[in-house]
Amino acid sequence: MIIALIPSRLNSKRLKEKPLIELDGLPLIVHCYKRARLAKKVDKVIVCTDSNKIKNAVEKHGGIALLTSNKHKNGTERINEVAKKFKTKLIIDVQGDEPLINPKSIDKVVEFHLKNKKFEIILPSVPFDIRYDNKNIVKNLFNYKKEIIYLSRSLIPFNNTKKKVKYFKHSSIISFTKKALDKFCKLKQSPLELAESVELSRAIENNFRIGTFILNDKSFSVDVNYDLLKAIKRIKLDKIRKRY
């Protein structure tokens with residue numbers, strides 16, 4: 001079995017009760033859930049939340065949601081609580097603030113991990129235009145062995161040449177082996193994790209085998225009102241919503 005777990009909490013800093021904001025008649029979290037359900041390589045999709053409001057919204061639209069502890073520091077800990085209830089090959093962490101997540105991208109992540117079992121974690125690298133860079137975008141650096149070597153909110157690598165440099169960002173889809181997810185959550189927050197405010201920096205500092213591949217995905221997270229308006233416009237034009 002392979003399951004996709006979507007962490008979601010009600011108290012967001014910039015957009016009040018973000019998961020429940022309606023886009024084209026559906027709450028943001030429901031868009032994310034329904035798109036994840038369209039992935040062919042995933043057997044089950046579950047929203048993991050500490051909010052009854054979110055749970056009720058998901059269930060109202062035919063989805064599955066489980067309540068978790070409200071003491072978790074992050075979404076990774078939240079999905080790990082639920083992951084322990086299942087016997088599964090892989091846990092696919094799908095971020096709950098991307099209502100335009102592409103089901104085919106989820107399938108590509110699963111396929112890559114199943115073919116590259118030496119990796120404990122798969123974090124795809126998504127090309128992006130640095131003209132739109134901001135601190136909410138986490139940048140990836142990887143080597144020739146397709147291993148993630150650093151994550152930062154700063155623009156990396158620094159370009160000290162006249163040549164064009166390709167930049168990649170952190171994907172909203174992460175694949176963990178069940179053992180790696182549990183091991184990760186038992187570790188203390190690391191210095192780089194705290195400095196960068198990037199959870200997976202902890203995995204790098206603790207020598208997890210983190211693999212990557214280039215994933216061309218136009219999905220984006222809804223962090224501020226501009227993102228919300230952009231998502232509303234895109235959803236209305238996206239034919240995939242007709243399959244909901």
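Across segment 1-113, the mean sequence separation of Cα contacts (distance under 8 Å, 6 or more residues apart), normalised by length, yields a relative contact order of 39 percent.
Charges on Cβ only, +1 for Lys and Arg, -1 for Asp and Glu, centred on the Cα centroid of the chain; of Asn102, Leu155, Asn136, which one is farthest towards the dipole's positive end? Checked the options; the winner is Asn102.
Sequence-distant contacts, meaning Cα pairs under 8 Å at least 6 residues apart, place the relative contact order of the chain at 23 percent. Ordering Ala57, Asn80, Ile174 by the projection of their Cα atoms onto the charge dipole of the chain, which places +1 on the Cβ of Lys and Arg and -1 on the Cβ of Asp and Glu, puts Ile174 at the extreme positive end. Most simply put, the chain has about 55% antiparallel DSSP beta bridges, counting only bridges with both residues inside it. With the largest listed first and rounded to whole Å, the semi-axes of the equivalent ellipsoid of the chain from the Cα gyration tensor are 26, 22, 18. For segment 75-124, taking Cα atoms only, Rg and Dmax work out to 11.7, 31 Å respectively. Only helices enter this figure: runs of n ≥ 4 DSSP H residues, each worth -39500 (n - 2.57), summed and divided by the residues of the chain, yield -8500 deg cm²/dmol at 222 nm to the nearest 500. The Cβ shell under 10 Å around Thr49 holds other residues with a net charge of +3, Lys and Arg each +1, Asp and Glu each -1.
Think of each Lys and Arg Cβ as +1 and each Asp and Glu Cβ as -1; about the Cα centre, that makes the dipole of segment 2-243 roughly 580 debye.
The Cα-based radius of gyration of segment 1-136, divided by its Kirkwood radius, gives an Rg/Rh of 0.96.
Relative contact order for segment 114-206: what is it in percent, counting Cα pairs under 8 Å that are at least 6 residues apart? Reported as a whole number, the value is 32 percent. Span-like helix criteria (full DSSP H runs; alpha carbon extent of at least 20 Å along the helix axis; mean Kyte-Doolittle hydropathy of at least 0.5) are satisfied in the chain by no helix.
Throughout, read-outs are computed from the coordinates displayed, never taken from laboratory work. Computed from a predicted structure; not experimentally measured. All Cβ positions, even for glycine, are placed from backbone atoms using ideal geometry, and neighbour counts span all protein chains on display.
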